[in-house]
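Structure, as structure tokens:
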Amino acid sequence: MSSLHDLPNIDRPLFRVPDPEAFAAHDAPTHPPRILLLYGSLRERSFSRLAVEEAARLLAAMGAEPRIFDPRGLPLPDAEEASHPKVAELRELAAWADGMVWCSPERHGAMTGIMKAQIDWIPLSLGAVRPTQGKTLAVMQVCGGSQSFNSVNQLRVLGRWMRMLTIPNQSSVPKAYLEFDEQDRMRPSPYYDRIVDVMEELVKFTWLVRGRTDALVDRYSERKESAAELSARVNQRAI
């Protein structure tokens, strides 16, 4: 093993060797995994909402506690203060959650503005609390035409930026208008099976990560920063 003598640039008091015992999660929470689900359309028959509702049913059947946020009435980012009731509701749910599901339609080859606005209202930091860091994330999209992965790819980028643990599996439902019946339930298909897979994987990863978040997100560079410096860096209102 390399000695610290070979690392002259390291601030020795702040350097830590990862401790396997820190990942044992002896004091891990025992409550059901709390999952926040976001969707990206305000249409009366929103297929991203219908997909999220199917996902929520699956999560509940797998022992999780799902909650769906209704984005109707959420202002554009920075158009209102963070005290706005819908913003406060979203941020409280983000703090409550152990993991999230993001599902967006694809519009003009990208996620919708409604989807992005929800994510933009969730800050990287609220004082000493980071609402998303170290939490799990599953990404999904619905398409009006042939299958695409533009939205899920963009959501992955955002998940990484929000310092979330985005699971490997994902769902993309093409021609979503054909995949739901008159009762707004998803028809049996490989696309439905994939959503089952994604939710199952999300629950597994959430159980795996819970109780270990502090150890997973502990970073050398941030230990070198003071709390004030860190807050200033992650709370920039504009660039």
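The values are calculated or read from the model by the stated rules, or taken from the named source; none is laboratory data. All values reported here derive from a predicted model rather than from experimental measurement. Neighbour counts are summed over all protein chains in view; Cβ atoms, including those assigned to glycine, are modelled from backbone coordinates with ideal geometry. Note: areas computed on protein heavy atoms with side chains; ligands, DNA, RNA excluded. Shrake-Rupley method; radii C 1.70, N 1.55, O 1.52, S 1.80 Å.
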Could you please give the count of residues in region 164-199 that are in a helix (DSSP H, G or I) and either under 30 Å from residue 214 (Cβ atoms) or touching a Gly at 6+ places or on another chain (Cβ under 8 Å) (or both)? 5
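Report yes if residue 82 is under 25 Å from the mean Cα position of the chain (by Cα), closer than 22 Å to residue 115 by Cα, at pLDDT below 95 and open to solvent by less than 50 Å² (accessible area, probe 1.4 Å), otherwise no.
yes
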Return the residues of region 179-213 that are open to solvent by 30 Å² or more (accessible area, probe 1.4 Å), under 30 Å from residue 30 (Cα atoms) and either in contact (Cβ under 8 Å) with a residue 24 or more places away in the chain or in contact with a Lys or Arg (Cβ under 6 Å, 6 or more places away or on another chain) (or both); say none if nothing qualifies. 192, 194, 196, 197, 200, 201, 205, 207, 211, 212, 213
Residue 125 being open to solvent by 10 Å² or more (accessible area, probe 1.4 Å) and more than 16 Å from residue 38 (Cβ to Cβ): no
Contacts under 7 angstrom Cβ, first residue in region 53-65 being closer than 9 Å to residue 35 by Cβ and modelled with pLDDT of 95 or more, partner open to solvent by 50 Å² or more (accessible area, probe 1.4 Å) and of a type in the set (Lys, Arg), 6 or more apart: 65/34
What pairs come up if the first residue lies in region 20-32 and is modelled with pLDDT under 70, the second is of a type in the set (Lys, Arg), and their beta carbons are under 6 Å apart, counting only those six or more places apart or on different chains? 23/212; 25/212
Would you call residue 57 basic (Lys, Arg) and in a strand (DSSP E or B)? no
Run residue 166 past the list (1) touching a Lys or Arg at 6+ places or on another chain (Cβ under 6 Å); (2) touching a residue at least 60 places away in the same chain (Cβ under 8 Å) and report the number of the one that doesn't hold. (2)
Hey, among the residues in region 54-76 that are open to solvent by 50 Å² or more (accessible area, probe 1.4 Å) and of a type outside the set (Gly, Ala, Ser), which one's farthest from residue 97 (Cα to Cα)? 76
